[in-house]
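Enquirer: Okay, handing you the structure first.
FYI, it's all coordinate maths here, none of it is from the lab. This is a predicted model, so every value here is computed, not measured. Glycine gets a Cβ as well: all are built from the backbone with ideal geometry, and neighbour counts include every protein chain shown.
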Amino acid sequence: MIPTITRTSRPIRIASLTGLALIAALASVGCSSTPKDDYAEAISENAELRDRLAETQSMLKQSEDDKEELLRQAQDLEADLRRAESARPPAGSAGGINPLGSGTTSTTYGSGDIVLSVAGDVLFSSGKVTLKAEGRRELDRIARMIMSQHPTNTIRVEGYTDTDPIRKSQWKTNERLSAERALAVEAYLVARGIESDRIYSAAMGSAKPKSNKSESRRVEIVILAN
């Protein structure tokens with residue numbers, strides 16, 4: 001018998017060693033690329049977490065602003081309630097009709113000037129310069145009174161605000177907001193029959209604050225003594 005084992009055993013062993021070397025090489029390539037993939041994934045995840053954190057912080061800031069605005073509105077409503085209660089006639093009395101409405105107070109000074117102070121919350125919504133329906137009705141009464149009782153007097157419309165800095169309104173300063181509100185009232189009174197050559201407006205901003213913020217936000221219509 002002719003032995004054949006000695007001829008085939010060596011090639012088989014060489015092939016086995018070659019296969020092991022190839023497997024080790026592939027494993028080495030795979031292992032060397034894994035840390036790079038993990039690093040890129042970690043960078044991406046870190047960026048996503050930062051974006052989510054920024055978004056959460058922005059939502060928290062908005063929530064705080066909304067809370068402050070709601071608190072301010074609640075304070076305004078409480079002031080309106082107190083004003084309405086003080087204007088209500090005592091029980092059992094016939095009462096009377098205030099020709100200027102409950103949102104306006106009238107003061108006559110020694111100089112003869114008459115100041116009609118209209119609550120800002122009656123005239124405008126917070127941070128706005130468009131007259132509310134309630135405010136237009138109040139100004140209708142004021143216009144009729146001025147034309148009937150003071151047909152020749154000069155009229156000065158003064159806009160006032162509270163001392164809080166402007167945050168959400170499109171108006172950058174309290175002075176600008178008060179100017180726009182005074183102009184809106186002046187234009188409405190002119191549209192209701194008061195001659196434009198005897199009325200003008202002035203922006204007072206947060207000057208002459210009242211006892212609280214709600215009362216500080218107002219428009220004063222000054223009937224000057226001629």
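Enquirer: Separation between the D65 and R137 pseudo-spin-labels, each 7 Å from Cα along Cα→Cβ, expressed in nm?
Expert: 3.4
Enquirer: Now, a different point. To make sure I understand the rule: partners must be aspartates and glutamates, Cα under 13 Å from the Cα of K128, and not fewer than 8 residues away in the same chain. Which ones qualify?
Expert: Straight-distance partners of K128: E180.
Enquirer: Along each of its three principal axes, how wide is the spread of alpha-carbon positions in the stretch 104-223, in whole angstrom units, largest first?
Expert: 41, 30, 23
Enquirer: While we're here: Applying the Karplus parametrisation 6.51 cos²θ - 1.76 cosθ + 1.60 with θ = phi - 60° to the phi angles of the stretch 59-71, what ³J(HN,Hα) value in whole Hz is obtained for each residue in order, glycine and proline being reported as x?
Expert: Listing the rounded values in order: 5, 5, 4, 4, 5, 5, 5, 5, 4, 5, 5, 5, 5 Hz.
Enquirer: For A54 and R72 in one chain, what is 0.36 nm times their gap in residues minus the Cα-Cα distance, to one decimal in nm? Each step should come with its number before you reach the end.
Expert: Details: separation 18, 0.36 × 18 = 6.48 nm, distance 2.73 nm.
The span from A54 to R72 would gain 3.7 nm if fully extended.
Enquirer: Arranged by the count of other C-beta atoms within 10 angstrom, fewest first, what order do D164, D51 take?
Expert: Ordered from fewest to most neighbouring Cβ atoms within 10 Å, D164, D51 come out as D51, D164.
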